[in-house]
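Trainee: First, the structure itself, so that you have it in front of you.
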Amino acid sequence: MKITKTTAPKAKYTDTSKLGFGKYFTDHMLVMEYENGAWGEPEICPYAPFSMPPATNLLHYGQGIFEGAKAYRTEDGKITVFRIDDNFARMNRSATRMCMPTIDADVVKSALFELLRLEQDWIPTAPGTALYIRPTMIADEEMLGVHASKRYKFFIILSPVGSYYANGLEPTKILVEEHLVRAAIGGTGEAKCMGNYACSLMGGEYANRKGYDQALWLDAAEHKYVEEVGSMNMFFVISDTVVTPALVGSILPGITRDSALQVLRKYGYRVEERRIGMDEIVAAYDNGQLKEAFGTGTAAVISPVGVIGFRGKDMVINGGKMGEITAFLYDKITGIQSERCADEFGWVTEVK
Ligand code: COI
């Protein structure tokens, strides 16, 4: 594999408590080009801007997809990754939905491991930190006709991160968005494509202006059923049952969502994947049965939700504090990721 090392390594972060999310990038990246119906060899090169013609398809029609995964440095110095095969499998499903070529997950995984070995000194070790992995694929043909590109660029960049939200594990406030729509059945909601995030910005900004952290999206047809938060899948503890919206086609099939479900089921919690109407959430809140709410995501990990704003009223959940099941899941999943807990599900791979 061709590796070109930087001649100007960057100064690394000095304070892990100030990492935040996605502000720092390591010295190198992985790049692989697709043309004439085939992927070339992956290469590692210095992290640097791409140059592309103004008529590149991506810039006009948004044919682009990405993934989010994390690498960790364990206490005994190993480099590990969490469920990375699931990320590449989902990327290939997203690629198919967006008329993009699939990648050979084994080739890309071993190239990623090479990159991680090269960048290992960038992996932060403080609790709650990780090296975020962002695999991305973009349409790269210089052509204004609306059609699937014939050229693509795949790349992976790495970013040392702390918590996704500025307030760390403080419960977030989310605002139910009843007018704008993130995704409809038959659309691209379950693909991790760039457009899903672009179209969620307005709802997010509206929520921010009203003093909330994010928008909670409802279904497109009836504006009634909970879908997701855009950067997180949603879970609610109603009475003694943990409920999460079923993957109906418009919701991202989150890998942390799946991890949470597997942990909960294994540890004997009653779990349901189904439609959840806002009327049910409000009724559960009113009769004291809405015990907890939390979001799951690679970036967000397990994030407690303390307030749900709906039709001018705030539902304050569990006194605005992280609930018991949320805390259990956070400890278990971050425990498996950091090797503090046994890897009971076979989710962790060592990068040797
Ligand atoms: C992730 O959790 O990795 C995501 O991709 C969500 C968001 C940061 C875009």
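Trainee: Express the relative contact order of the chain as a whole percentage, based on alpha carbon pairs under 8 Å and six or more residues apart in sequence.
Mentor: Once normalised by length, the contact order is 18 percent.
Trainee: Let me ask something additional. Under 28 Å Cα to Cα from LYS291, which lysines show up? Leave out anything in the same chain fewer than 8 places away.
Mentor: Candidates past the 8-residue exclusion: LYS173, LYS210, LYS224, LYS266, LYS313, LYS321, LYS332.
Trainee: How large is the convex hull of the C-alpha atoms of the range 10-49 per residue, in Å³?
Mentor: Dividing the Cα hull volume of the range 10-49 by its residues yields 90 Å³.
Trainee: DSSP loop GluC sites (Glu not before Pro) in the range 247-323 with at most 13 other Cβ atoms within 10 Å of their Cβ, which ones? Can you show the working numbers first?
Mentor: Details: sites: GLU272, GLU273, GLU280, GLU292; in loops: none.
Here no loop site has a sparse enough neighbourhood.
Trainee: What trypsin sites (Lys or Arg not before Pro) does the range 10-50 have in DSSP loop regions with at most 15 other beta carbons within 10 Å?
Mentor: Counting only loop positions with at most 15 other Cβ atoms within 10 Å, the trypsin sites (Lys or Arg not before Pro) in the range 10-50 are LYS10, LYS12, LYS23.
Trainee: All other residues with a Cβ under 14 Å from the Cβ of ALA327 taken together, and with Lys, Arg as +1 and Asp, Glu as -1, what is their net charge?
Mentor: Value of the local net charge: -1.
Trainee: Got a sec to turn the phi values of the range 211-224 into Karplus ³J(HN,Hα) couplings, 6.51 cos²θ - 1.76 cosθ + 1.60 with θ = phi - 60°, whole Hz, x for Gly and Pro?
Mentor: Couplings: x, 9, 7, 8, 8, 9, 7, 10, 5, 6, 6, 10, 6, 10 Hz.
Trainee: If you take every DSSP beta bridge whose two residues both sit in the chain, what share of them, in percent to the nearest 5, is antiparallel?
Mentor: On the way: 55 of 70 bridges.
Antiparallel: roughly 80 percent of the beta bridges in the chain.
Trainee: Can you give the accessible area per residue of the range 259-332, in Å², using a 1.4 Å probe?
Mentor: Accessible area per residue: 45 Å².
Trainee: A further question on this structure: Please work out how much length the chain gains when fully extended from TYR47 to ALA184, using 0.36 nm per residue of separation minus the C-alpha to C-alpha distance, in nm with one decimal.
Mentor: 45.7 nm
Trainee: Once the Cβ-Cβ distance between ASN287 and LYS352 is put in as r, and R0 is 45 Å, what FRET efficiency do you end up with, to the nearest 0.05?
Mentor: Calculated transfer efficiency: 0.25.
Trainee: Kirkwood Rh, Cα Rg: Rg to Rh for the chain?
Mentor: Radius of gyration relative to Kirkwood radius: 0.97.
Trainee: Counting each DSSP H run of 4 or more residues in the chain as -39500 (n - 2.57), what helix-only mean residue ellipticity at 222 nm follows after dividing by all residues, to the nearest 500 deg cm²/dmol?
Mentor: Per the formula, -7000 deg cm²/dmol.
Trainee: Skipping prolines and chain starts, which residues have an amide H placed within reach, meaning under 5 Å, of the one on GLY20, given they are 5 or more residues away or on another chain?
Mentor: HN-HN under 5 Å from GLY20: GLY162, SER163.
Trainee: From the P(r) of the range 114-257, could you give the percentage of C-alpha pairs in the tail past 28 Å?
Mentor: In whole percent, the long-distance tail amounts to 34.
Trainee: If you average 1/r across every pair of different Cα atoms in the range 146-224 and take the reciprocal, what Kirkwood value do you get, in Å?
Mentor: 15.2 Å
Trainee: Next question, about the same structure. If the reach is capped at under 19 angstrom between alpha carbons, list the lysines near LYS78, excluding any in the same chain fewer than eight residues apart.
Mentor: Straight-line reach from LYS78, under 19 Å: LYS70, LYS109, LYS352.
Trainee: Run the quick spin-label model on ALA126 and LYS10: label points 7 Å from Cα toward the beta carbon, then report their separation in nm to one decimal.
Mentor: 1.8 nm
Trainee: If I compute solvent accessible area with a 1.4 Å probe over the protein chains, what percent of it on the range 299-348 is carbon and sulfur?
Mentor: Carbon and sulfur together cover 50 percent of it.
Trainee: What is the gain in length, in nm to one decimal, between LYS321 and ASN167 on full extension, counting 0.36 nm per residue of separation less the C-alpha to C-alpha distance?
Mentor: Result: 54.1 nm gained on full extension.
Trainee: OK, next. So, R0 is 35 Å and r is the distance between the beta-carbons of ALA55 and LYS18; what FRET efficiency does that work out to, to 0.05?
Mentor: 0.30
Trainee: Give, in nm to one decimal, the length gained when the segment between MET1 and ALA89 is fully stretched (0.36 nm per residue of separation minus the Cα-Cα distance).
Mentor: The span from MET1 to ALA89 would gain 29.4 nm if fully extended.
Trainee: Accessible area of the range 178-241 with a 1.4 Å probe: how many percent of it is carbon plus sulfur?
Mentor: The value for the range 178-241 is 54 percent carbon and sulfur by accessible area.
Trainee: Over all distinct alpha-carbon pairs, what is the Kirkwood Rh of the range 213-274 in angstrom? Mind dumping the intermediate values first?
Mentor: Values: mean 1/r = 0.0817 Å⁻¹.
So the Kirkwood estimate lands at 12.2 Å.
Trainee: Still on this structure, please answer the following. Per the Debye formula with a single identical scatterer at each Cα and no solvent contribution, what log10 I(q)/I(0) holds for the range 184-325 at q = 0.09 Å⁻¹?
Mentor: The Cα Debye sum returns log10 ratios of -0.25.
The values are calculated or read from the model by the stated rules, or taken from the named source; none is laboratory data. Predicted model, so just to flag it, every value in this text is computed and none were measured. Cβ coordinates were reconstructed from backbone atoms using ideal geometry, including for glycine residues, and neighbour counts include every protein chain displayed. The accessibility values were calculated without ligands, DNA or RNA, using every heavy atom of the protein model including side chains. Shrake-Rupley method; radii C 1.70, N 1.55, O 1.52, S 1.80 Å.
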